[in-house]
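Asks: Let me give you the structure first, and then I'll get to my questions.
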Amino acid sequence: MTDERHSELDWNAVELVVFDVDGTLYRQDILRRRMLQQLLLHAIARADLKPLRILSSYRQIRESLAVAETERFEPILVAETAREVGCAPCDVDEVVSEWIHRRPLRLLAPCRYPFLPELFRAIKRKRKIIGILSDYPAKEKMQAMELEADYIVTAHDEAVGILKPHPRGLEVLMTIAGVLPSRTVLIGDRHDRDGAAAQRAGVTPLIRSAKSIDGWRTFATFQDMLFVPLLG
């Protein structure tokens, strides 16, 4: 396959710009390190390793359900995590709500990638639609990062119910926005998830990566030459 890192993109033909969230809009590695520090302090203070065990199992099982493209994954994910850890499903819900959905919000703004507000404003000036497609709830994350989108669709939505790389979420988002796949771009950080979902939906994928990935159009930062036509 050909390296497409520096190939041009006709932004004039794009009507809908879709962003993944985790790892795409903010430094997920930094956030996870900070959250791990808090988890360890919590475990030491309370002599309780259960949250660590729950989160570890939850993430691993979630990945396997994404690969298997499991329909209505959420109750299955909670039940399997509870079974593996040996706790009640309500314990899984409580830990996930606290440590994945709530606590990270206060840390998101400092982890947000540079130049994103400027890029979002430039996209809107060009009268293009901004969409958010995430495997996790995203509304509060967008608010925490002070970024605004026209539409937000997640795998937890009733109309979706399945994780990437399945393209359903992207298809739902395009339907809501009223834009064809040929006029849509998906910006993500994982070619095996975001990129694969885009390709299956007939959408152009752009993958954030510090290194070239054979066969994929990539960019290193949101100040990359790829985005210059949007800023003019």
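We did not get these values from a lab; they are worked out from the coordinates using the rules stated. Values in this document were obtained by computation on a predicted structure and should not be read as measured data. Every residue, glycine as well, gets a Cβ built from its backbone with ideal geometry; the counts of neighbours run over all protein chains shown.
Asks: What does the charge count near residue 120 come to, summing +1 for each Lys or Arg and -1 for each Asp or Glu among other residues with Cβ under 12 Å from its Cβ?
Replies: Local charge sum for residue 120: +2.
Asks: Using the alpha carbons of the range 30-107, what is the convex hull volume per residue in cubic angstrom, as a whole number?
Replies: Convex hull of Cα atoms, per residue: 92 Å³.
Asks: Bin width 5 Å, alpha-carbon pairs only: give the P(r) of the chain as whole percents, running from 0 to the bin holding the largest distance.
Replies: For the chain, the pair-distance distribution reads 1, 6, 13, 17, 19, 17, 11, 7, 4, 2, 1, 0.
Asks: Which net charge results when you count Lys and Arg as +1 and Asp and Glu as -1 among the other residues whose beta-carbon is under 15 Å from that of residue 144?
Replies: +4
Asks: Starting from 0.36 nm per residue, how many nanometres of slack lie between residue 124 and residue 101 once their C-alpha separation is accounted for?
Replies: Once the chain is fully extended between residue 124 and residue 101, it gains 5.5 nm.
Asks: Counting Lys and Arg as +1 and Asp and Glu as -1, each charge on the Cβ, what is the dipole of the range 30-107 about the Cα centre in debye, to the nearest 20?
Replies: Computed charge dipole of the range 30-107: roughly 540 debye.
Asks: Write down the percent of antiparallel bridges among all DSSP beta bridges whose residues are both part of the chain, to the nearest 5.
Replies: 5
Asks: Using a Förster distance of 25 Å, how high is the FRET efficiency between residue 47 and residue 94, based on the Cβ-Cβ distance and rounded to 0.05?
Replies: About 0.90, to the nearest 0.05.
Asks: Given the DSSP H assignment, sum -39500 (n - 2.57) over each helix run of at least 4 residues in the chain and divide by its residue total; what's the result at 222 nm in deg cm²/dmol, nearest 500?
Replies: About -13000 deg cm²/dmol.
Asks: Relative contact order of the chain, please, whole-number percent, based on alpha carbon pairs below 8 angstrom and at least 6 residues apart.
Replies: 29
Asks: Taking K and R as +1 and D and E as -1, what net charge do the other residues with C-beta under 9 Å from the C-beta of residue 66 add up to?
Replies: Residues close to residue 66 contribute a combined charge of 0.
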